[in-house]
């Protein structure tokens, strides 16, 4: 009964949070807690039919096998693909390093089971708690990000902001092309509905780029039939936050007061929305398709960036559970 009450409370906070602002990170946490407490309530019941008990047991075993054996192998293989296709950079190493970390933790855990020293159990158990905390946040954010990206307003926009991404020389690569194609669809849909939206292409020039991202994006849109007078160039931004900040300033200069949507890749949608909320910008964020191999490392990067915003909070919460566990083990 306790788990049912906790699940309902978490669900209530989730609904209230979404009604207040869909872009809150706390919504993802409440979603995760709702699912966890709901699952604990389900497995703690004594009146479940045998077939459902068996199904839950099989599901748990399958989840353990996938997370402990299949997932790390997939992440390592994905990391190798990322290095080959995207080059060697810290961001492209994330899936590889995560897979290796899961494997290492599993090996340490297995060896710790055969060791009866309390301090070993305390250390390894603490590592498991930290991993479980991070995994809970990761899954919660992933699920909520998918939900956020699939819901919300899709029409009725007066301005479209396209967030920049890296160029290859002066050429628009597939990742950025996906954003521009999605923005083009939004623009044409609004024109067909009788509106006259403005499209802001935002992105400065990197050290290895022959032109600004905004200029390359501008050329790309012109080639696909978007009129020049509907495109506004913002060629200073080097980060997502600057994309939003400088684009908003340009729209303000033009007297824009209507609804705005930002277009980025689907893995980047929720963090962009979170940034917009912190900047007190009222806008929707929609995503374009991303190649499947790119997703793991890309979303891991988004996850790390979101966690990095609240390092003290996560350290305190995780430290509390670790301290409690160590006190119980060491007596």
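The values are calculated or read from the model by the stated rules, or taken from the named source; none is laboratory data. Small disclaimer: the values here were computed from a predicted structure and weren't measured. Every residue, glycine as well, gets a Cβ built from its backbone with ideal geometry; the counts of neighbours run over all protein chains shown.
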One residue from 269, 263 being assigned to a strand (DSSP E or B) and under 17 Å from residue 149 (Cα atoms): 263
Residue check, residue 171 free of Cβ contacts under 8 Å to residues at least 60 places away in the same chain, assigned by TED's automatic domain parsing to the domain that holds residue 257 and under 28 Å from residue 300 (Cβ atoms): yes
Residues of the range 169-191 that turn out to be surrounded by fewer than 14 Cβ atoms within 10 Å (Cβ to Cβ) and touching a helix residue (DSSP H, G or I) at 6+ places or on another chain (Cβ under 6 Å), as a count: 0
Hits in the range 263-282 - residues which are over 15 Å from residue 177 (Cα atoms), modelled with pLDDT of 90 or more and more than 14 Å from the chain's Cα centre (by Cα): 276, 277, 278, 279, 280, 281
Residue under evaluation residue 220, criteria (1) part of a loop (DSSP other than H, G, I, E, B); (2) farther than 18 Å from residue 243 by Cα, criterion not met: (1)
Index of the failed condition, residue 139 passing every other in (1) part of a loop (DSSP other than H, G, I, E, B); (2) under 20 Å from residue 68 (Cβ atoms); (3) touching a residue at least 24 places away in the same chain (Cβ under 8 Å): (1)
Positions within the range 197-208 being part of a loop (DSSP other than H, G, I, E, B) and at pLDDT 90 or above, in sequence order: 197, 203, 204, 205
Of all residues in the range 45-65 being more than 32 Å from the chain's Cα centre (by Cα) and under 23 Å from residue 11 (Cα atoms), the one that is surrounded by the most Cβ atoms within 10 Å (Cβ to Cβ): 48
Criterion (assigned to a loop (DSSP other than H, G, I, E, B), surrounded by fewer than 20 Cβ atoms within 10 Å (Cβ to Cβ) and without any contact (Cβ under 8 Å) to a residue 12 or more places away in the chain) met by exactly one of 194, 166: 194
